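Each value in this text was obtained by applying a stated rule to the coordinates, not by laboratory testing. Note that this is a predicted model, so its numbers are computed, not measured. Cβ sites come from the backbone with ideal geometry, for glycine too, and all protein chains shown count toward neighbours.
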Amino acid sequence: MNIIETNNLTHVYSEGMPGAKTAISNINISVKKGEFLGIIGHTGSGKSTLIQHFNALLKPTSGRVLIEGEDIWEKKGDLKRFRFKVGLVFQYPEYQLFEETVRKDISFGPNNMGLSKEEVDTRVERAMQMVRLDLDILDKSPFDLSGGQKRRVAIAGVIAMEPEVLILDEPAAGLDPLGRNEIMGEIKRYHEIYGKTVIIVSHSMEDIAKYSEMVMVMNKGEILYYDTVKNIFSESEKLQKIGLEIPAVTEVMIRLKNMGYPVDITSNTVSEAVKDIIKLVNRG
């Protein structure tokens, strides 16, 4: 079953004005329910514009966006309902924290859903546990927390609404390697436990290769490729032609292959590459 579909989706900024710019053009995609999708593309390729259409932050210039088969713009009064179904975490979400306490910040969305206090409290605690935040910070100011904790609070605020689709724009941007691995690991754990659809936009090819199942490649406002991780990163020359890198591990495997070693160039993570190289060594 498809959770998100677009039909000839086009968005033009400042339409009809001298500086009009087409950000995305005739996008036709289907995202399956429960999928973990990574979206890549150089700056200005249309990634952020596309994901903002999925929860009606932007209205199409033309075309349609469907969530679970429903056109989200068919009835404007339904927009709030769809925004609860599709949660969007912006890049550097910690800058959007605004409440006096962690509890109030995370519960802001669930409260707007009209849930009971008991249900809100349950969701807040569950979301905090999912992103590995200690419950003893509930009544602290989010502004007194570390950068990594602030980001977890912001992500927990979206998770607490229990959306059918969780979208994150550069969720690990600006974090050190340890923080990056922790945040991405928690997002993957959320996907595995709840089976929700997860979409991440990232410039990190390593993150996309390690955590995603499907990859969408955008270029100049269009979908260039949409395929499995292994199929996408095996097309290294095509990606490099549009200015994209490939995971460092994949590049190493390709070089080994070019040197005559019978390795699998679709190995996109360190663990996959290690297994392949150990097999090679064992064969002498």
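Observations on the model:
- Per residue, the average separation of C-alpha pairs within less than 8 Å and at least 6 apart gives the chain a relative contact order of 21 percent.
- Dimensions of the chain along the principal axes, based on C-alpha atoms and rounded to the nearest Å, stand at 64, 52, 36, largest first.
- Share of pairwise Cα-Cα distances greater than 25 Å in segment 155-284 is 34 percent (whole percent).
- Across segment 1-152, C-alpha contacts under 8 Å between residues 6 or more apart give a mean separation that, scaled by the residue count, equals a relative contact order of 19 percent.
- Cα centroid separation - segment 80-150 against segment 254-284, whole Å: 43 Å
- Spin-label pair LYS241-LYS32: with each label point 7 Å from Cα along the Cα-Cβ axis, the two points sit 2.8 nm from one another.
- Charge dipole (the chain, unit charges on Cβ, about Cα centre) - positive-most of LEU178, HIS203, ASN8: ASN8
- Size of electric dipole in the chain: Cβ of Lys, Arg +1 and of Asp, Glu -1, about Cα centre, debye, nearest 20: 460 debye
- With bins 10 Å wide beginning at 0, the percent of Cα pairs of segment 1-132 falling in each bin runs 10, 34, 33, 19, 4, 0.
- Straight-distance crosslink candidates among lysines, where the alpha carbon sits under 23 Å from LYS21 and sequence neighbours closer than 8 are dropped: LYS47, LYS59, LYS220
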